[in-house]
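Take a look at the structure set out below.
The values are calculated or read from the model by the stated rules, or taken from the named source; none is laboratory data. Only a predicted model underlies this, so the values are computations on that prediction, with no experimental measurement involved. So basically every Cβ, Gly included, is an ideal-geometry build from the backbone, and we count neighbours across all protein chains shown. SASA here: full protein model, heavy atoms, side chains in, ligands and nucleic acids out. Shrake-Rupley method; radii C 1.70, N 1.55, O 1.52, S 1.80 Å.
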Amino acid sequence: WDNADFSRGIGTTFYQEFPTLNTAKPPFVRDVEEKVRRYLRSSYSAAWTLKITWEKAPAYAARTDTRKTNTYQAVLTTDGFRSYVLMLYQEGGMQWDYTRLAATNVLIGYT
């Protein structure tokens, strides 16, 4: 991710933790488990999951342009032995104007 800039009071970040080792799993966690099983063709049962959402986040530096914002999520999950991350972006992908960013080697994802 590039630098989000919340200094102008635009956008929000929030998270929700799902400790599910000894509790019933909510639909969100069951959906994450299903995605891990489907995409990785692996058996998986989450013991803990964290959903982080950046909503309507403007790019750094927000003082120059707050019109194009992004909403995206990172979902971290583990069974205690293996850990995974799902990266989810709003419909249409990143909305920041990457030509105005300081870095020119922009990617969506991680390496």
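A residue that is modelled with pLDDT under 95, over 16 Å from Asn3 (Cα atoms), of a type in the set (Ser, Thr, Tyr) and surrounded by 13 or more Cβ atoms within 10 Å (Cβ to Cβ) cannot be found anywhere in segment 51-60. Residues that are in a strand (DSSP E or B), of a type in the set (Ser, Thr, Tyr) and open to solvent by 60 Å² or more (accessible area, probe 1.4 Å) were ranked within segment 70-107; the one that is modelled with the lowest pLDDT is Tyr89.
In segment 18-50, what residues are assigned to a strand (DSSP E or B) and under 25 Å from Met94 (Cα atoms)?
Within segment 18-50, the subset assigned to a strand (DSSP E or B) is 18-19, 48-50.
Those that are assigned to a strand (DSSP E or B) and under 25 Å from Met94 (Cα atoms): Thr49, Leu50.
I'd like to know if segment 2-14 contains one or more residues that are loosely packed, with under 12 Cβ neighbours inside 10 Å and within 14 Å of the chain's Cα centre (by Cα). Checked against the condition, which is being loosely packed, with under 12 Cβ neighbours inside 10 Å and within 14 Å of the chain's Cα centre (by Cα), segment 2-14 yields at least one hit. Which residues, counting only those in segment 1-17, are outside any loop (DSSP other than H, G, I, E, B), free of Cβ contacts under 8 Å to residues at least 60 places away in the same chain and either closer than 15 Å to Thr71 by Cα or out of contact with any strand residue (DSSP E or B) (no Cβ under 9 Å at 6 or more places or on another chain) (or both)? The answer is Thr12, Thr13, Phe14, Tyr15.
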